[in-house]
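Everything below concerns the one structure shown next.
FYI, it's all coordinate maths here, none of it is from the lab. All figures in this text were calculated on a predicted structure; none of them were measured in a lab. Note: ideal-geometry Cβ built from the backbone for every residue, glycine included; neighbour counts use all protein chains shown.
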Amino acid sequence: MDDDKSGKITAIELRQALLNNNWSHFNTETCRLLIGMFDTNNDGSIDINEFAALWKYVQEWKSCFDRCVHLIILCPSAFNNSIFPLS
Ligand SMILES: [Ca+2]
């Protein structure tokens, strides 16, 4: 992930490392936003401590996404009414 061995991760390096469920890379802007959210010392990159918080956040989002997909599979009719419309 740390391609230049700087000990820090840039948005470009983060994008190379993160994959969506369909094996596509994360959007570049999403990676920039993630860096901005967790770059607590404002140096424009993510060190190991900042990465721990970023990784926890990404894992929580993935877990939430997986639960929603599972719910849609188990109970698709719940998402076809006016409360949770899918379209
Ligand atoms: Ca930083």
Rounded to the nearest 500, what is the 222 nm mean residue ellipticity of the chain from helices alone, with -39500 (n - 2.57) per DSSP H run of 4+ residues and division by all residues?
-17000 deg cm²/dmol
Exposure proxy check: Ile48, Ile35 ranked by fewest other beta carbons within 10 Å?
Ile48, Ile35
Separation in nanometres of the label points that stand 7 Å from Cα toward Cβ, at Ala52 and His25
2.8 nm
Return the distance in nm (one decimal) between the two label points of a simple spin-label model at Ser63 and Thr40, each offset 7 Å from Cα along Cα→Cβ.
2.0 nm
Over the Cα atoms of the chain the radius of gyration and the largest Cα-Cα distance (Dmax), both in Å, equal 16.4, 51
By count of other Cβ within 10 Å, fewest leading, how are Asp39, Asp4 ordered?
Asp4, Asp39
I'd like the orientation of helix 48-74 relative to the chain: the angle between its Cα long axis and the longest Cα principal axis, in ° from 0 to 90, rounded to 10.
10 degrees
When Arg67, Arg32 are ranked with the fewest other C-beta atoms within 10 Å first, the list becomes Arg67, Arg32
Angle between the chain longest axis and helix 28-38 axis [Cα atoms, degrees, rounded to 10]:
70 degrees
